[in-house]
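Before any comments, here is the structure.
The values are calculated or read from the model by the stated rules, or taken from the named source; none is laboratory data. In this text the structure is predicted, and so the values were computed from the model without any measurement. For neighbour counting, all protein chains shown are included, and Cβ atoms are generated from backbone atoms with ideal geometry for every residue, glycine included. Heavy atoms of the whole protein, side chains included, go into the accessibility calculation; ligands, DNA and RNA do not. Shrake-Rupley method; radii C 1.70, N 1.55, O 1.52, S 1.80 Å.
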Amino acid sequence: MRLYKDTTYSVHHLVEDIRNGRLALPELQRPFVWNTTQVRNLFDSMYRGYPVGYLLFWATGADSSRRGIGENDAERAAQLIIDGQQRTTAIYAVLTGREVLKKDYTSTRITIAFRPTDATFEVANAATRNDPEFVNDISHIFAPGYDHFSETTAFIARLVEHREVSADEQGRIARALNQLQDLANADFKVIELSASAGVEEVSEIFVRINSAGTELNRSDFLLTLMSVYWEKGRRDLERFCADTRVPRIDGNPSPFNWHLHPKPVALLRADFALAFRRARLESVYTLLSGRDMPEGPERAKRIDEQFHRLSEAQDKVLNLLHWHEFLQCLELAGFRGQKMITSDNAVVFAYVMWLIGRIDFKLPIDRLRHLVARWFFMAHTTSRYSGSFETQVERDLSQISGLKAGDAEGFENLLGRLIDERMTSDWWTVTLPGDLETSASRSPVLSAYIAALNILDADALLSKVKVRSRLDPSIKARKGIERHHLFPQNYLKSTLKVQETRKINQIANMALVEWADNIAVSDRPPAEYWPTQVQANRLSQADLDRHVYWHSLPEGWTDMPYGEFLAQRRRLMAGVVKDAFDRLAKDDYLAVYPEPAGTVPETTEDLADLIAEGLVVPGESLLNETDQVQAMVLADGRLEFDGAVYDGPDDAARVAAGAARDGWTYWSVESPGDGVQTLDSLRQGA
């Protein structure tokens with residue numbers, strides 16, 4: 001039996017069906033991931049008559065238990081948009097003027113400007129608003145009651161006030177504006193899946209027709225299905241995730257934190273792991289749809305039971321008491337905030353271990369806190385839940401399932417054994433020093449070393465200021481503590497003839513110092529600057545010995561050959577990490593940190609902001625992902641690439657890559673002290 005039919009929808013038809021709730025677009029309730037340049041390009045392609053892809057709808061039936069996400073939520077939607085949600089959201093938002101959610105869950109409008117003289121679309125900005133050549137916001141052209149003749153006449157009259165406009169040009173302008181308004185009648189090709197298609201069939205179709213049929217698509221699809229099967233569960237997940245990002249100003253409890261701003265699917269995994277001891281998304285489809293059970297009354301009953309079980313698990317996952325008790329484990333493990341965390345999965349599944357230990361095995365909080373802190377430290381540092389992590393998660397959960405409920409000692413012993421099996425003596429003395437041979441600024445082993453300094457209550461090198469206080473995530477202070485080259489990079493290049501960037505910026509050549517000390521050191525050789533800095537900071541011999549230990553400085557390091565220095569320091573750094581990890585197991589160890597200030601660091605939205613912060617320098621070269629393509633930063637925050645000037649990273653990346661790309665992750669810069677970083681990494685750290 002054919003499960004689909006081909007049809008067409010006009011843009012006007014799409015917008016009206018969404019507005020009236022007949023067509024459900026759950027994406028309106030989730031962060032909009034397209035950038036404004038992609039929206040502009042979509043309208044430009046539609047205007048020029050270029051193909052813009054198809055949409056995939058699923059006729060789930062008007063009796064669905066899910067609501068329609070339109071302006072009339074009371075009306076049940078008969079169809080759900082499965083694929084093409086970003087394009088549809090962009091069209092709906094621009095044509096209606098409705099706001100969309102940004103990544104931080106704040107609202108914004110997407111405003112597109114149009115210059116009819118040459119049919120150019122632009123993202124509206126100060127320049128287009130002040131330029132009479134532009135219709136600054138095309139939304140009003142599609143508003144009910146728009147009078148094309150009078151509005152066109154008024155636009156031409158305003159333009160005539162600034163320059164001469166011939167009769168022929170006036171005609172071209174009128175035709176361009178008419179063609180723009182006619183976009184409401186443009187057709188989209190739509191594949192409508194029949195209501196007889198089951199969830200597993202829709203899932204398979206969705207993944208197969210996407211050339212990038214990857215885990216991300218499966219995750220998005222699963223959340224879309226929640227709108228059909230469990231609307232309240234999805235809404236609760238999304239609200240919780242949104243609230244992790246912004247503190248409440250009314251003083252009421254919230255999930256806001258500095259460590260993890262999860263996506264809903266990440267916490268859905270936690271729900272599922274807690275309820276069913278499973279990690280694979282395919283298992284979610286199977287259990288919730290009853291795919292593994294024969295048709296009949298027992299199937300419906302079993303599905304209801306499994307939804308009830310999942311609902312109970314989600315109540316525990318979203319419980320603020322559990323959530324904040326768990327987050328203390330991350331502080332205990334020396335991880336002060338999101339910048340130190342390279343694997344969100346490690347956080348999510350450490351939280352699952354907390355919930356299982358607390359709920360199923362009744363382990364006392366003081367013992368559980370140390371146990372889960374060690375588990376997270378191990379899982380994060382060894383990348384236990386990276387790559388194809390689902391198999392490892394299910395293997396861990398399977399071993400726990402073999403324990404009797406309430407066996408707190410058995411649970412504690414099992415996790416302790418799994419930690420010891422992974423972090424053997426060879427791992428500490430061979431594997432970890434080898435893993436430290438990297439220049440990556442976001443590396444789990446670098447985070448482990450910094451966490452170790454926090455656990456050991458270490459000072460910044462040659463300072464009396466604690467590393468952990470300088471890493472307080474609630475304080476936005478660029479000039480506080482920096483990673484400094486112990487062998488300065490210009491000294492390595494000019495004197496020692498070391499040219500490889502990744503060797504110069506290796507983790508073992510970096511130490512955490514106060515920024516003023518970093519400036520004072522400059523590019524002098526260590527044998528010259530080190531005695532001067534030791535004398536200037538007036539540390540006692542006992543304090544100096546502690547600094548040498550914390551910062552893993554080999555004896556006689558200032559006169560060592562560079563390669564030998566790196567090898568010896570990697571071994572010493574691994575020893576410091578082990579000492580800190582061993583301390584985590586001690587009952588008398590507590591992590592005492594100042595209370596966060598409760599403010600949210602701003603996110604840089606413009607390259608000019610990075611220039612103002614001193615993180616990017618005009619004239620500096622940006623590299624693409626393969627280090628083979630370069631763009632130059634201009635003083636006004638624009639980029640020059642291949643002889644042309646672009647307004648921002650996205651525009652330049654689109655041309656350089658030959659396809660729409662996120663310019664913030666596409667372009668990288670060599671940052672002194674931090675190695676090669678993407679613009680996005682710099683932006684997050686600004």
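Odds and ends about this structure:
- The criterion of at least 1 residues that are open to solvent by 40 Å² or more (accessible area, probe 1.4 Å), of a type in the set (Lys, Arg) and more than 18 Å from residue 95 (Cα to Cα) is met, among strands (runs of 3 or more DSSP E) falling completely within segment 107-205, by 187-193.
- Scanning segment 142-149 turns up at least one residue that is under 44 Å from the mean Cα position of the chain (by Cα) and of a type in the set (A, V, I, L, M, F, W, C).
- Remark: pairs (first residue in segment 230-242, within 19 Å of residue 106 (Cα to Cα); second residue among the hydrophobic types (A, V, I, L, M, F, W, C) and not in a helix (DSSP H, G or I); Cβ separation under 6 Å; 6+ apart in sequence or on different chains) = 240/318.
- Within segment 562-579, residues that are of a type in the set (Val, Ile, Thr) have Cβ atoms under 7 Å from residues that are assigned to a helix (DSSP H, G or I) in these pairs: 576/449; 576/452; 576/550; 577/432; 577/448; 577/449; 577/452, counting only partners at least 6 apart in sequence or on another chain.
- Breaking point among (1) under 27 Å from the mean Cα position of the chain (by Cα); (2) among the hydroxyl-bearing types (Ser, Thr, Tyr); (3) modelled with pLDDT under 85, for residue 37: (3)
- So residue 527, is it aliphatic (A, V, I, L, M) and either in contact with a strand residue (DSSP E or B) (Cβ under 7 Å, 6 or more places away or on another chain) or crowded, with 17+ Cβ neighbours inside 10 Å (or both): no
- Test: residue in segment 209-231 that is modelled with pLDDT of 80 or more and open to solvent by less than 20 Å² (accessible area, probe 1.4 Å): no
- Filtered residues of segment 648-686 (kept if outside any strand (DSSP E or B), at pLDDT below 80 and among the acidic types (Asp, Glu)): 662, 674, 680
- Scanning segment 232-274 for residues that are of a type in the set (Gly, Ala, Ser) and open to solvent by 10 Å² or more (accessible area, probe 1.4 Å) yields 251, 254, 266.
- Checking 352, 317, 372 one by one, the residue that is among the hydrophobic types (A, V, I, L, M, F, W, C), in contact with a helix residue (DSSP H, G or I) (Cβ under 6 Å, 6 or more places away or on another chain) and closer than 17 Å to residue 452 by Cα is 372 and no other.
- Only one of the numbered conditions (1) assigned to a loop (DSSP other than H, G, I, E, B); (2) farther than 27 Å from residue 453 by Cα; (3) open to solvent by less than 30 Å² (accessible area, probe 1.4 Å) is violated by residue 405, and that is (3).
- Top-ranked residue in segment 380-402 [being within 22 Å of the chain's Cα centre (by Cα) and part of a loop (DSSP other than H, G, I, E, B); ranked as surrounded by the fewest Cβ atoms within 10 Å (Cβ to Cβ)]: 388
- Exactly one residue out of 300, 279, 346 is open to solvent by 10 Å² or more (accessible area, probe 1.4 Å) and not charged (D, E, K, R): that is 300.
- Single match in 592, 616, 548 (criterion: modelled with pLDDT under 95 and open to solvent by 40 Å² or more (accessible area, probe 1.4 Å)): 592
- Test result for residue 143, more than 20 Å from residue 37 (Cβ to Cβ) and in contact with a His (Cβ under 7 Å, 6 or more places away or on another chain): no
- Pick from segment 408-447, criterion assigned to a helix (DSSP H, G or I), hydroxyl-bearing (Ser, Thr, Tyr) and touching a residue at least 24 places away in the same chain (Cβ under 8 Å), ranking: least open to solvent (accessible area, probe 1.4 Å): 447
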